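Following: one structure in structure tokens, then a few remarks.
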Amino acid sequence: MRSRAGAGRGSEAVKGPSRAQLPAAAGGTPVRSTPLPFYRAAVNEDDINAVADAMRSGWLTSGPRAVEFENRIRDYCGVGNAIAVSSCSEAMFLALKALGVGPGHEVVTSPNTFASTVHAIIHTGATPVLADIERETLCVDPDAVRACMGEKTRALLPVHFGGQACRIEALVALAAGSGVDVVEDAAHAFGARVGGRRLGGESRATAFSFYATKNLTTAEGGAITTNDDDLARRLRLLGYHGMSRDSWSRYSDRGSWYYEVEMPGFKCNLSDVHAALGLAQLDRIDALLEKRREIAAALSAVLGACDALELPRERPGNWHTWHLYVVQLRSGALRIGRDEFIAALRAENIGSSVHFIPVHRHPFFRPYLTRDASFPVSDDYYSRCVSLPIFPDMTAQDVHDVAEAVTRIADHYRAG
């Protein structure tokens, strides 16, 4: 195998690995003397000062910063409404609940996702139904979704995996023809685009995550976007005790003490302290996303020469945010499997992860599956996938180290 040097636009050149060195797992010297974590949050002094200013303001819960954060999310996504909430998990749950999903209903989603996607369905009282993924995007396959839909189907909950938008246009069209709602799990995909449009307004509602590892972080938090004003009002009520006024509306100098409880609600609001961090991150979100794209391009420029790997790709018409950079080991190409490959990376002081253990492999979710349910694409992908480090604060040396470690391991353990 040959490795060719390359780099993404605006980044330093990434050097090819030295073939003379053995992997650390085979007795060689590690690529790095200190560990490179799988992820490190891109937090700078402006972020820290913004949070400190919020703390000094005396207003800690949902207030003026949370309102401003919602308005800026709305404008950035180009939608009619944005509701800031405590997590993407709550965003999905609230959206399904506000759309009337409940007992007796089924919601179709992907097996290639985190548990919270399916938990959101179960917490409404509805039954999750899994549809296999497509190989190109690793997102749910619209043809598989169609095969899963029936009389009880009330909603679709597709996942935009890794920062790559799923075939949302096809899913929305499929749902519209069946009287079914679509709620998007865009936890990985804040800022992603389809056909030049940012995600957030294609379906009835879109759920974003601002967790610590995400493209934009509020430490913990999320948001729901929608172009449906009536749905937005229900979401606000459900997310704050079913009350007609939140704390900012009641306790600010322009507020009123009076409120009415209109429905049994939940406690899912985002605080001003969290929103302050989000606002500071929004000031440079485009630069953060562009850095991710540069790192992905730099990794692909080197790893593209490694025939033991399948690299992630950007679907034509999409603008990938590269929340994850996931390689797949080609079947039969190496003398080691995925787990041994990850252990070899650890020996090189390179962090990695797996996204995700498929939903149907978790004991809790198995009773929800029909006896003949099978997900061959998801299972094949899971057996071969490795998520490599990708985060905005990675240096050119960090990127070089990841590429060198991966190529060194692949070269040494090549089958035959």
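The values are calculated or read from the model by the stated rules, or taken from the named source; none is laboratory data. Remember, it's a predicted structure, so these values are computed and weren't measured experimentally. Glycine gets a Cβ as well: all are built from the backbone with ideal geometry, and neighbour counts include every protein chain shown. Note: accessible area is taken over every heavy atom of the protein model, side chains too, but ligands, DNA and RNA are not part of it. Shrake-Rupley method; radii C 1.70, N 1.55, O 1.52, S 1.80 Å.
Things worth noting here:
- Within the chain, longest stretch clear of exposed trypsin sites (Lys or Arg not before Pro) (DSSP loop, no more than 15 other Cβ within 10 Å): 20-134
- Taking the protein heavy atoms of the chain in the context of the full set of protein chains, the accessible area attributed to carbon and sulfur is 50 percent at 1.4 Å.
- One decimal place: the segment Arg135-Arg346 gains 73.2 nm when fully extended, by the rule 0.36 nm per residue minus the C-alpha distance.
- Each part gets one Cα centre, and for region 28-58 versus region 354-374 those centres are 35 Å apart.
- Residues Asp53 and His123, FRET efficiency given R0 of 51 Å [Cβ-Cβ distance, rounded to 0.05]: 0.90
- Loop exposure criterion: chymotrypsin sites (Phe, Trp or Tyr not before Pro), DSSP state outside H, G, I, E and B, at most 13 other Cβ atoms within 10 Å. Applied to the chain, the longest stretch between such sites is 1-256.
- Label-zone membership for region 148-180, site Ser374, 7 angstrom Cα→C-beta point, backbone N under 20 Å: 148-149
- In region 218-371, Rg over Rh equals 1.11, where Rg is the alpha-carbon radius of gyration and Rh the Kirkwood radius from pairwise Cα distances.
- Spacing of the two label points (7 Å from each Cα toward its C-beta) at Asp143 and Arg361, in nm: 2.4
- Taking 0.36 nm per residue of sequence separation and removing the Cα-Cα distance, the Thr395/Arg193 pair yields an extension gain of 70.1 nm.
- In this label model, Ser178 and Asp339 are separated by 3.6 nm, measuring between points 7 Å along each Cα→Cβ vector.
- Unpaired by the 4.7 Å Cβ criterion, cysteines found in the chain: Cys77, Cys88, Cys148, Cys268, Cys306, Cys385
- Taking volume of the Cα convex hull per residue in Å³ as calculated from this structure, the corresponding entry among (i) 161; (ii) 141; (iii) 130 is (ii).
- The residues of the chain have, on average, 42 Å² of accessible surface per residue, using a 1.4 Å probe with all protein chains present.
- For the chain, the longest piece that avoids every one of the GluC sites (Glu not before Pro) found in DSSP loops with at most 12 other C-beta atoms within 10 Å covers 261-416.
- Estimated inter-spin distance, Asn44 and Glu262, nm [label 7 Å along Cα→Cβ]: 4.1
- Taking Cα atoms only, the orientation of helix 88-98 departs from the longest principal axis of the chain by about 40 degrees.
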